[in-house]
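The values are calculated or read from the model by the stated rules, or taken from the named source; none is laboratory data. Just so we're clear, the structure is a prediction, and the values are computed from it rather than from any experiment. We place every Cβ from the backbone using ideal geometry, glycine too, and count neighbours over all the protein chains shown.
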Amino acid sequence: MKFISISEAIEKKKGKIAVRGWIYRERGSNKRKFLILRDSTDIIQCVLEREKFEENWEEIDKLQVETSVEIEGIIKADKRAPTGYEISVDKINIIGFSNEFPIQKDLNEELLGDRRHLWLRSRKMTASMKIRSAVLFALHEFSHKNGFIEIQAPSMSGAASEGGSEVFEVNYFGKKAYMTQSWQFYAENFVNAFEKVYAIAPSFRAEKSKTPWHVTEFWHYELEGAWMNLEDDMNIAEKCIVYVIDKILKENKKELEILEADISMLKKVKSPFKKISYKEAVEKLRTKGHKIKYGDDFGSAEERSLAKYYGNSFVFVTNYPLSLLKFYHGEDLKKPGTGTNFNLLAPKIGELVDGSQREPNLDKIIERLKKAKIDLGASNWYLDSRRYGSVPHSGFGLGIERLVAWICGFDTIKDAIPFPRTPNRFNP
Ligand code: 4AD
Ligand code: MG
């Protein structure tokens, strides 16, 4: 018989079918064995009556979770079964035996981390990875529909981009190279060739922060456009998030249900998002009792609070003081001393997107670099974007795990990436 997937079998509703997969749960009595079979599409209850399998009952009785099997039988509706259908099994073919599966309920985080490659088989992780895949696909789709082309930047280069100590050094044939923190230096040169560009790639941060929202290797959606100002930049970021969430709501109902995600919160995400300035944000925080003053950077607690105070939804915060910004952020000439930049904050998570209209003027950038005592070193080529036909341009970076975790309602982005890398873990 031709094998079909479990979800196809469920769609078929009745009749003879053949499916294959892994045993997800098992229980039995002297008379019959219940198996819940899982494949990549769904799970289904299977029942094996001893009278049909007297010859190999001993073997069937001992079947362990995660054994791989092929099954033939008759499918029919059964309200008591976990997905509403049950297969009455006529034939079972054991493909790969399983030892006692080392993941039981209540494993601590450390052991689950050690066994991550096995934990990926869980309902939670498979649903999460499907949503992650759909988010990535939607980001590609959104970018192409809006005229952005995908261009890759290298993952290793001779100088760090975002700077600071948060950079991984690698030995590049005896020379020092660094793992990329962002594609930004490349992007700002790409725009002079391709105008509208984006990339989805890993970024690396050697930061020891052990918050639920940081990993040392995250996937970064970055976009850059020539002729775009801050307003255009925020509009694209907003449109993009609305597009992705709409699409997930339409196409990933099953996964959202498995994860018990908060659909009403997802449906609330609608344009336009609230926009406030850094100054207003500080004032709001102070009225709510936060001890923060103009010029201080927000911690993640403040960022989460802001999203909460402003309708418990996404909120753009713009015009941070230049002292908190990087040398490449433009200055808002209508509000001197502040940047043409934004952070998009999300409830529970805090910063989800970071973007700006870039400083187009070479002399101003050089002045800013001097003031911040930054030597671009091997990345000095970056400034050629300003030497040969500089144009106004803007862009942003969005942490894909943060978006996936927010959609799924997770308490950490570690649930939104197959193998999270943290200061203490780089295996498996
Ligand atoms: O705020 P970041 O550091 O900005 C940049 O890298 C800019 N060069 C982006 C650009 O304008 N092209 O990072 C951007 C986003 C953050 O808002 C956050 O969502 C995510 O990347 N991010 C992380 N996600 C997970 N773990 C980490 N350690 C992250 N660091 C940043
Ligand atoms: Mg940032």
(request) Mind listing just one residue for me: the one in the range 144-166 that is over 21 Å from the mean Cα position of the chain (by Cα) and at pLDDT below 95 and, of those, farthest from ligand 1 (Cβ to nearest atom)? (result) Gly158
(request) Need at least 2 residues that are within 16 Å of ligand 1 (Cβ to nearest atom), within 25 Å of the chain's Cα centre (by Cα) and of a type in the set (D, E, K, R) per element, so show me which strands (runs of 3 or more DSSP E) inside the range 292-357 make the cut, counting only ones lying wholly within it. (result) 350-357
(message) Here are the criteria: (1) touching a helix residue (DSSP H, G or I) at 6+ places or on another chain (Cβ under 7 Å); (2) under 25 Å from Lys210 (Cβ atoms); (3) of a type in the set (S, T, N, Q). Tell me which single one Asn319 does not satisfy.
(response) (2)
(request) Looking for whichever is of a type in the set (Asp, Glu), touching a helix residue (DSSP H, G or I) at 6+ places or on another chain (Cβ under 8 Å) and within 16 Å of ligand 2 (Cβ to nearest atom) here; the options are Glu150, Glu188, Glu162, Glu166. Which one fits? (result) Glu162
(request) Being assigned to a loop (DSSP other than H, G, I, E, B) and among the basic types (Lys, Arg) is the filter; apply it to the range 13-66 and report the residue that is nearest to Leu120 (Cα to Cα). (result) Lys62
(request) Look through Ser300, Ser313 and report the one residue that is in contact with a Gly (Cβ under 7 Å, 6 or more places away or on another chain), surrounded by fewer than 18 Cβ atoms within 10 Å (Cβ to Cβ), closer than 30 Å to Asp411 by Cβ and in contact (Cβ under 8 Å) with a residue 24 or more places away in the chain. (result) Ser300
(request) For the range 399-420, state whether one or more residues are over 10 Å from the mean Cα position of the chain (by Cα) and near ligand 1 (Cβ under 9 Å from one of its atoms). (result) no
(message) Go through the range 223-255 and report how many residues are of a type outside the set (Asp, Glu), in contact with a Pro (Cβ under 9 Å, 6 or more places away or on another chain) and surrounded by fewer than 21 Cβ atoms within 10 Å (Cβ to Cβ).
(response) 4
(message) Within the range 195-211, take every residue that is more than 10 Å from ligand 1 (Cβ to nearest atom) and in a loop (DSSP other than H, G, I, E, B) and give me the one that is nearest to Phe168 (Cα to Cα).
(response) Lys208
(message) If I go through the range 263-287 residue by residue, how many of them are of a type in the set (Val, Ile, Thr) and outside any helix (DSSP H, G or I)?
(response) 2
(message) Taking the condition of being near ligand 1 (Cβ under 8 Å from one of its atoms) and either among the polar types (S, T, N, Q) or closer than 19 Å to Leu249 by Cβ (or both), how many residues in the range 383-398 meet it?
(response) 1
